[in-house]
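Derivation of every value follows stated rules applied to the coordinates shown; laboratory data play no part. Predicted, not measured: the structure shown is a model, and the values here were computed from it. Counting neighbours? That spans all protein chains shown, and the Cβs are built from the backbone with ideal geometry, glycine included.
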Amino acid sequence: MAGSASLFVWLGALGILSGAAWAAWNWLDWTNDYFVLTSRRAVWLEKIIGLYDSRRETPLSMVVSVDLATDVLGRWLGFGDVSIRTYTGQLVFRGVSQPATMAALVEESWRRVQEKNEREDRAEISAVLRQALSPDEAGAAPAEAANSARPAGAARAVGLDRWTFQVRFEEKGVITYRKHWAVLVNTLAAPSILILLFVGLLGAQIGGMISGPPPETALVASVVLLVPLAGWWVYRFVDWANDIYQVTPDQIRDIYKKPLGREVRKVAPLENILGTEVDRKGINGLVLNYGDVITNIGTTRFVFQGVFDPNGVQRDIVRALEALLARKRETQKQQRQGEMVEWLTSYHEQTDPGAGSGEGMSEVPGSRRPSDLGPFEPDENSS
């Protein structure tokens, strides 16, 4: 009986310790989850200690609606879910405290982004009108300055047939990524082990450490075996080097090319991106800082697999998208401004014949300018 009681005590203590450890681990996991709202984007940072690291974000300029969902317990305790919807996806802030306040903050930030764009539009329209109506006082044309600052466009495709160990390089406006060193090491493990094994056996044979065929025969046999192994090693390295991901000024690309084989290219416009995610799974991904970057484009997902510094890759994509949207907004503003200036200039010329192209033209005898006319009175002789 004493032994059974002692066993139950130990089992109870073990259960209490396990429950305490589980509670502590969940508390630490809870402290590592963050919902971040900036003036330009909404971000969800999720981290499971030693196992998983994720980052999901969406620009506020692409938000379609903000939804709020609570249950009975959530309404009693003051927590719920806030869903930020884009055209075909959503970013969910789960279990946030005071969800109504969070939803209001998201909507306010969304509204401020729209108001800021409208204020910038009005300010630039005013500057263009002042220049059009008073060209001597306006100075340099803002449209010309904007055009001069605009990039020349997407550069040609680069990155293929570049035989280096770089995992990220930038050339002519195109950022190219390769998979991480860990992926390369895993790819080259089998041929490298076999090559080292054969070289070791050959050295031991030549050194007399092991018995076998004559050294000349062993050398010839080893060379015959090492040539295909070296070809296998080179093939796998070239295969790793040719699997690249690119971010250009207006596109993202996923290029898969087999040595001496088929090449597949996936291309999507940056402007169709609805959101990005970062997944780093496992201890290796967290320690070596590599993982997947997932880009949602409509119903399609572009996955940059096993890239180094996935958070940095995500920032590159978001910055390229923001730069593209800024250029498109600038182009649209200039088009609207040009149309408005044409209409207002025409109106100004009609109300003031001395302005614009009408200035310097001879007046018809007996005619008067509209500014010389008094209040309109009907002509008694008119029929």
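Some notes on this structure:
- Each part reduced to its alpha carbon centroid, the stretch 255-303 and the stretch 169-195 end up 15 Å apart.
- For residue 41, the residues whose modelled amide H falls within less than 5 Å of its own, excluding neighbours fewer than 5 places apart on the same chain, are 60.
- For residue 116, the lysines whose Cα comes closer than 25 Å to its Cα, not counting residues fewer than 8 places off in the same chain, are 328, 333.
- Under the criterion of Cα pairs below 8 Å and six or more residues apart, the relative contact order for the stretch 168-323 equals 21 percent.
- Each label was represented as a point 7 Å from its Cα along the Cα-to-Cβ direction; for residue 332 and residue 98 these points are 3.4 nm apart.
- With an a/c value of 1.5 or above and a/b larger than b/c for the gyration tensor axes a ≥ b ≥ c computed over the alpha-carbon atoms, the stretch 168-323 is described as prolate.
- Model label points for residue 319 and residue 105, set 7 angstrom from Cα along the Cα-to-Cβ axis, are 2.6 nm apart.
- Unit charges at the beta carbon, dipole of the stretch 168-323: most positive-side option, 180, 268, 202: 202
- Anisotropy class of the stretch 226-302 from Cα gyration tensor, a/c 1.5 cut: oblate
- Long-range lysine pairs (8 or more apart or interchain), the stretch 168-323, Cα under 18 Å: 6
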